[in-house]
Amino acid sequence: MSAPESGSRFAFTEERGISRRQLLKRAATGAGSLALAGSLGDLLAACGSGTSSSGSGQALGPDTTGSITVWHYSPQQDVKTVQDYTALFTKKYPKVDVKLQYVEFSEMPKRAIAAAAAKSGPDVFVYGGNEVSAMYKAGCFRSVDDRWTAFADKSLFPDGVLTKFGGKVYGVKGYVNLTGLWYNKDILDQVGVQPPKTVDDVTSTFAKIAASAKKYTAIALTGQPTDQGDWTAWPWLSGFGFSYGNPDQSAIEQAFSLVNEWARKGYLPKESVSWGQAETFTRFAVGDVAFMENGNWNIGPAKRQLGTKFNYGTAQLPTGPRSGGLFLGGEALWTGGFSKSPDLAWAYMHETLLSKAGLLITLAESGGIPARADMANLTEVTSNPLLEPYIQEVRSRGSEYPPEGGAAIAAQAVVAQNWSAVIAGQKSPSQAAKDTAEGVKANFHK
């Protein structure tokens, strides 16, 4: 989500929840080569002006000249990461001027669509929000399908990091963020249980925790009727066979029955309907919660805030009968629809967030999990055991976010509202499933 993600090597900003949406909505000032976004006129003047001596498929090299503009939304405290991986590109192409342009997260789609209407815009977008469908329809992006097909390392990336429209690749995420199952090891040891591996084991495990002599809460998760709720619900719903293209009512009811039972029996606090991902972590940090569904972006805050308060670990989320998926948040790279330097734009993409060196920068500085399969066994990745379950989930269950290339935004809201309603006890699982299936069908327009 975009929540979805500084301090230590594997630190994460606490407010991030999945493509870092909450934090990145903040206004910020620029640093280094970062140019501040001003009026729309300023943005248009700054964009679409990229020139290159090799803009028509010619070979690029150290003598290639030109300039490209990159729009991003990393605020001042995070922009060093963008600057550092951009330095990889400028080292290889020292005569190309890269202009980093800050555009506040919520403004990015509006500014991009306005720029496209004027047949302008940046050469590269760094954007991980769920407005990509609207941006694509407005002509903000250029397909990179041919370049991706010819990209030697394409087989190292899971399909879940690709955003396609009309069957063609437009956006690619080099790193990802996703949810997993956190656990309080001290509680699990006292009760004598292990992290459940399948949905069939979950409720019985929660029951044992609730039956303990000490009053423990079995699980904390996000029950908000927002995109954070939809993000949290997706692994459970898809685990029973739900998808936005096929909103099977039976699958929805099975997932809703599961979480409704947890809430009715007190395994999941009903006040979780007001929790976002940050509040969920805060509740887990109290020390009396056995499990938490939350993301890799909490590794840094856990180290800082929990310390030695209690022992904790992470595991993969339980799988359902249909295995299920987990949304892969993170920022995708896109070539601008009106770029005059598409060759340089693609070169920027593969030299930065599609390269090992670039992804090691994001891992060290912002904690994003590299999507490249050939990085899974690097010491920089394996040295933190809390990351391992997330890496396994990326390989086996990572799914595109936003789902269906952003065409499911309104349908996602329907899911989130009904997910929250069954936790609160405002709807029965059967009624919520019926409303969800009908609402998704009415609001999903691919």
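The values are calculated or read from the model by the stated rules, or taken from the named source; none is laboratory data. Quantities reported herein were computed from a predicted structural model and do not represent experimental measurements. Neighbour counts run over all protein chains shown; Cβ positions are idealised from the backbone, glycine included. With ligands, DNA and RNA removed, areas are computed over all heavy atoms of the protein, side chains included. Shrake-Rupley method; radii C 1.70, N 1.55, O 1.52, S 1.80 Å.
Express in whole angstrom the spacing between the alpha-carbon centres of segment 57-96 and segment 137-205. So the two Cα centres are separated by 27 Å. Each residue of segment 236-249 was assigned a 3J(HN,Hα) from its phi angle through the Karplus curve 6.51 cos²θ - 1.76 cosθ + 1.60 (θ = phi - 60°); the sequence is 6, 5, 5, x, 9, x, 6, 8, 6, x, 9, x, 4, 5 Hz, with glycine and proline shown as x. DSSP finds beta bridges in the chain, and of those with both partners inside it, around 60 percent are antiparallel. A protection proxy built from the mean count of other Cβ atoms within 10 Å ranks the segments 191-202, 101-112, 149-160, most packed first, as 101-112, 191-202, 149-160.
Rounded, prolate or oblate, given the Cα gyration tensor of segment 118-261, with a/c below 1.5 counting as rounded? Prolate is the answer for segment 118-261, as a/c is 1.5 or above and a/b outweighs b/c. When the scattering of segment 208-249 is computed by the Debye formula from its Cα atoms alone, each counted once and equally, what is log10 I(q)/I(0) at q = 0.22, 0.23 Å⁻¹? Debye curve over Cα of segment 208-249, log10 I(q)/I(0) at q = 0.22, 0.23 Å⁻¹: -0.78, -0.80.
Once the piece of chain linking Q76 and K356 is laid out straight, how much longer is it, given 0.36 nm per residue of separation minus the C-alpha distance between them? Taking 0.36 nm per residue and subtracting the Cα distance, the gain is 98.4 nm. One chain, two ends: A134 and R264. Fully extended at 0.36 nm per residue, the span grows by 42.8 nm beyond their Cα-Cα distance. Pull out a ≥ b ≥ c, the square roots of the eigenvalues of the alpha-carbon gyration tensor of segment 72-121, then state rounded if a/c is under 1.5, prolate if not and a/b is larger than b/c, and oblate in the remaining case. Because a/c hits 1.5 or more and a/b fails to exceed b/c, segment 72-121 counts as oblate. Considering all alpha-carbon pairs of segment 303-378, what whole percent are spaced by more than 17 angstrom? Value for segment 303-378: 66 percent of Cα pairs lie more than 17 Å apart. Taking packing as the residue-averaged number of other Cβ atoms within 10 angstrom, the listed peptides 171-181, 213-223, 341-351 run from highest to lowest as 171-181, 341-351, 213-223.
Using the alpha carbon gyration tensor of segment 70-194, what are the three equivalent-ellipsoid semi-axes (square root of 5 times each eigenvalue), largest first, in whole Å? Could the numbers behind the result be given before it?
Numbers: eigenvalues 219, 75, 68 Å².
With the √(5λ) rule applied to segment 70-194, the semi-axes are 33, 19, 18 Å.
Normalised per residue, the accessible area of the chain is 36 Å², obtained with a 1.4 Å probe and no contribution from ligands, DNA or RNA. Pop the C-beta distance of D201 and S250 into the FRET formula with R0 = 25 Å and round what comes out to the nearest 0.05. The pair D201/S250 has a calculated efficiency of 0.75. Shape analysis of the chain yields a ratio of the Cα radius of gyration to the Kirkwood radius, Rg/Rh, of 0.99. Ellipticity at 222 nm from helices only: DSSP H runs of n ≥ 4 in the chain, each -39500 (n - 2.57), divided by the residue count, give -11500 deg cm²/dmol.
Using only Cα positions of segment 313-443, each an equal point scatterer, no hydration layer, compute I(q)/I(0) via Debye at q = 0.18, 0.20, 0.23 Å⁻¹ and quote the log10 values to two decimals. The calculated log intensity ratios at q = 0.18, 0.20, 0.23 Å⁻¹ are -1.09, -1.18, -1.33.
Working out 0.36 nm times the residue gap between K309 and A152, then minus their Cα-Cα distance, what length gain in nm do you get to one decimal?
51.9 nm
Once backbone amide H atoms are built at 1.01 Å from N, D97 has G66, S67, I68 as its partners under 5 Å, excluding neighbours fewer than 5 places away on the same chain. Accessible surface of the chain, 1.4 Å probe: 49 percent of it comes from carbon and sulfur atoms. Given +1 at the Cβ of Lys and Arg, -1 at the Cβ of Asp and Glu and no other charges, the dipole of segment 155-311 around its Cα centre is 440 debye to the nearest 20.
How high is the relative contact order of segment 257-351, in percent, counting Cα pairs under 8 Å that sit 6 or more residues apart?
Computed over segment 257-351, the figure is 13 percent.
Packing around the peptides 238-244, 313-319, taken as the average count of other Cβ atoms within 10 Å per residue, puts them in this order, highest first: 238-244, 313-319.
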